[in-house]
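The values are calculated or read from the model by the stated rules, or taken from the named source; none is laboratory data. Predicted model only: the values in this text are computed from it and were never measured. Quick reminder, even Gly has a Cβ in these numbers, built from the backbone with ideal geometry, and neighbours come from all protein chains shown. Calculation scope for accessible area: heavy atoms of the full protein, side chains included, ligands and nucleic acids excluded. Shrake-Rupley method; radii C 1.70, N 1.55, O 1.52, S 1.80 Å.
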Amino acid sequence: MKAVRLYGPSDLRLEEVPKPSAPPGGLLVEVKACAICGSDVRNVASGGSGHGFTLPRTIGHEIAGVIAEVGKSVEGFEVGSRVVLSVSLACGRCRYCLTGKQNLCESKKAISYQYDGGFAEYVAVPEALVRYGGVLPIPDGIDFYEASLTEPFSCALNGQELSKVSTGDTVVIIGAGPVGIMHAILARINGASKIILAELTPERLEKAREIGAADIYVDSSKEDLKEKVLKETNGLGADVVIVAAPSGKAQLQAIDLAAKGGRVNLFGGLPKGQSQITIDSNVIHYRELFVHGTSDSTPVHMKKILDLMGAGRIDARKLISAVLPLENYKEGFELARSGKALKVILTPNGNA
Ligand SMILES: [Zn+2]
Ligand SMILES: [Zn+2]
């Protein structure tokens, strides 16, 4: 079968590899759509260094497909079922797993990192992922392309829950890439009364505006975001500020934009070697701010996203800029990297 495999920094190859079979206790899924994540782009650039990759590795983790084989002793799954896969395999026994924070599992492994991923015709689903609840049915009426965006949406939902986005909140989101827009869509669902989306690249802001996920769009290359936020909040600042951009400057600005008692979510990680920032901690102290991060998600978040998609509350199609065959992976990665596209999806079989 065809698979796109990572060999090292900027060394991604389309290869012919043996078709896997369902591992004992696991499944074999025929991939219909696998979306390119920002982390895929970063992992290709770095050759996966620092993330426990074993190379070469078939990458891709935003996977939707059809069950092609059910492994020995697996119950409750049928060949032909449409499913999405979660990324992480959690141990189920550590303190974090036992408190429902499987995304923080002490011995977490992941599809596309230690197990082959979805830029391929088939993906072998390990037993641990099946047991963990990481194989979820796609609701009727939702196609494979939309379904492949379940995972990034679920990470954004985890962030929204941690930031306690709720009715009447003013939410500022810095960064109008796919994840920033997903945050805006979810903030609306969570009852935010005003959503301010800020972005440095006018092209990206324009795309976000077309989707209409926010109330106010700020071109940070021209406008003063702080001035705008203060004006929109009667000088108080925002209840929640989410940084969906890999920028230390944006993280500092986020702390500055929060109202007293506000929540600041450093949602996006910073590039390796550039993750040190210096903050005025007195601002956090006197303003009683809650500053936190977000990492990954759990099957519970994925289930909620699939329910929202199925109910028509999330239209993921608006975020899809391109669907390309696996052979065009270079074009796909270039498009995703350029920032000119929102989500780019690779599909092994043309039409899903
Ligand atoms: Zn992802
Ligand atoms: Zn665990």
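Among helices (runs of 4 or more DSSP H) entirely within the range 58-147, having at least 1 residues that are within 16 Å of ligand 1 (Cβ to nearest atom) and either closer than 22 Å to residue 314 by Cα or not polar (S, T, N, Q) (or both) singles out 127-131, 144-147. Checking the stated criteria, residue 151 turns out not to satisfy the condition of being more than 16 Å from ligand 2 (Cβ to nearest atom) and over 19 Å from the mean Cα position of the chain (by Cα). The residues of the range 257-277 that are open to solvent by 40 Å² or more (accessible area, probe 1.4 Å) and touching a residue at least 12 places away in the same chain (Cβ under 8 Å), listed by number, are 260, 263, 266, 269, 271, 272, 274, 275, 276, 277.
For first residues located in the range 106-126 and farther than 12 Å from residue 2 by Cα and at pLDDT 95 or above, partners that are open to solvent by less than 10 Å² (accessible area, probe 1.4 Å) and more than 16 Å from ligand 1 (Cβ to nearest atom) and lie 6+ apart or on another chain with Cβ distances below 6 Å form the pairs 124/28; 125/26; 125/27; 125/29; 126/26.
Within the range 1-49, the set of residues being in contact with a Gly (Cβ under 6 Å, 6 or more places away or on another chain) and of a type in the set (Asp, Glu) comprises 30 only. For residue 89, the stated conditions do not hold, so it cannot be described as modelled with pLDDT of 95 or more and either open to solvent by 30 Å² or more (accessible area, probe 1.4 Å) or farther than 26 Å from residue 180 by Cβ (or both). Scan the range 101-117 and tell me whether some residue there is within 16 Å of ligand 2 (Cβ to nearest atom) and in contact with an Asp or Glu (Cβ under 6 Å, 6 or more places away or on another chain). The answer is yes, given that some residue of the range 101-117 is within 16 Å of ligand 2 (Cβ to nearest atom) and in contact with an Asp or Glu (Cβ under 6 Å, 6 or more places away or on another chain).
Sort through 283, 344 and tell me the only one that's touching a residue at least 60 places away in the same chain (Cβ under 8 Å), of a type outside the set (Asp, Glu) and open to solvent by less than 60 Å² (accessible area, probe 1.4 Å). Answer to the check: 344. Of the set (1) within 16 Å of ligand 2 (Cβ to nearest atom); (2) in contact with an Asp or Glu (Cβ under 6 Å, 6 or more places away or on another chain); (3) among the aromatic types (Phe, Trp, Tyr), all apply to residue 122 but (1). When restricted to residues that are part of a helix (DSSP H, G or I) and under 27 Å from the mean Cα position of the chain (by Cα), the range 227-255 contains 9.
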